[in-house]
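FYI, it's all coordinate maths here, none of it is from the lab. This structure is a prediction, so every number in the text was calculated from the model and none was measured. Don't worry about glycine lacking a Cβ; one is built from the backbone with ideal geometry, like all the others, and counts go over all protein chains shown.
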Amino acid sequence: DDLPELNARIEQELLKLTIELPGDPPPPSLALYEQEFLATAKPGWMSYLQAKVLEQHGRLVVIELSSYRFTGGAHGIPGRAYLNYDRDKGRLLSLDDLLLPDEQVAFWQQAELAHQAWLKTNGLDQDLDYQAEWPFVRTANVALLRGSVMLKYEVGRIAPYSSGHPDLRIPYARLNGILKPIYFPSPR
């Protein structure tokens, strides 16, 4: 209740998860989205949106946004997004806010190493066809969790739909000199 700007941003980001086709604008509000969806939905269609606090540690609150839309076809479309909120600064953080100056390249190098580890864990590190079809790409979904920095991917982005929402984990120890020290979790 005491953070209207954060609530507005959460609504904005949830509305982005309702977009059917790339390039479509999001609905103007959750209330209008609900009205329009219910007015046009066919039997069996469904839409689910949720925002929840995933973790709180130090000065950070990590918010997970989830969605699921089914409007016909073989399967529905799940969505995920993450917001990192700095309580001390009273605002949401972008990746640039989290990193030391000029460390974007180093961060994405660590993310690529995490992707290689993910491929190995899933027995795909020697499958060159798979890697050609599902290469590493960057994502805006970065969450500063207590145990590691997580990069969460949309379904079908770096792996087939059947893989769900893959996530890559970067241990904080590999982010020394890259991530601003104030965003490292404090020891318990």
Problem set entry | Difference of contour (0.36 nm per residue) and Cα-Cα distance, A140 to S186 | 14.1 nm
Problem set entry | Derived scalar couplings ³J(HN,Hα) [the stretch 98-108; Karplus, 6.51 cos²θ - 1.76 cosθ + 1.60; whole Hz; x for Gly, Pro] | 7, 9, 5, x, 6, 10, 4, 4, 5, 4, 5
For this session: Identify which of the listed values of semi-axes √(5λ) of the Cα gyration tensor in Å was calculated from the structure shown: [x] 114, 17, 13; [y] 24, 20, 16; [z] 30, 25, 12.
Result: [z]
Problem set entry | Members of K16/K152; K152/K180; K89/K152; K16/K52 lying beyond 19 Å, as alpha-carbon distances in this model show | K152/K180; K89/K152
For this session: Subtract the Cα-Cα distance of F70 and Q109 from 0.36 nm times their separation in residues, and report this length gain in nm to one decimal.
Result: 10.5 nm
Exercise. Hey, rough spin-label estimate for D125 and L30, points 7 angstrom out along Cα→Cβ, what's it come to in nanometres?
Worked result: 4.3
For this session: Sort the following peptides by mean Cβ neighbour count (other Cβ atoms within 10 Å, averaged over residues), highest first: 91-97, 120-126.
Result: 91-97, 120-126
Problem set entry | Value of [θ]222 nm, deg cm²/dmol, for the chain, DSSP H segments ≥ 4, -39500 (n - 2.57) each, nearest 500 | -8000 deg cm²/dmol
Exercise. In the stretch 4-39, what GluC sites (Glu not before Pro) fall in a loop by DSSP, with at most 12 other Cβ atoms inside 10 Å?
Worked result: E20
For this session: Compute the convex hull volume of the Cα atoms of the stretch 115-177, divide it by the residue count, and report the result per residue in Å³ as a whole number.
Result: 99
Seminar exercise, completed: Note, the stretch 65-71: 3J(HN,Hα) by Karplus (6.51, -1.76, 1.60, θ = phi - 60°), whole Hz, Gly/Pro = x, goes 10, 10, 8, 8, 10, 10, 10
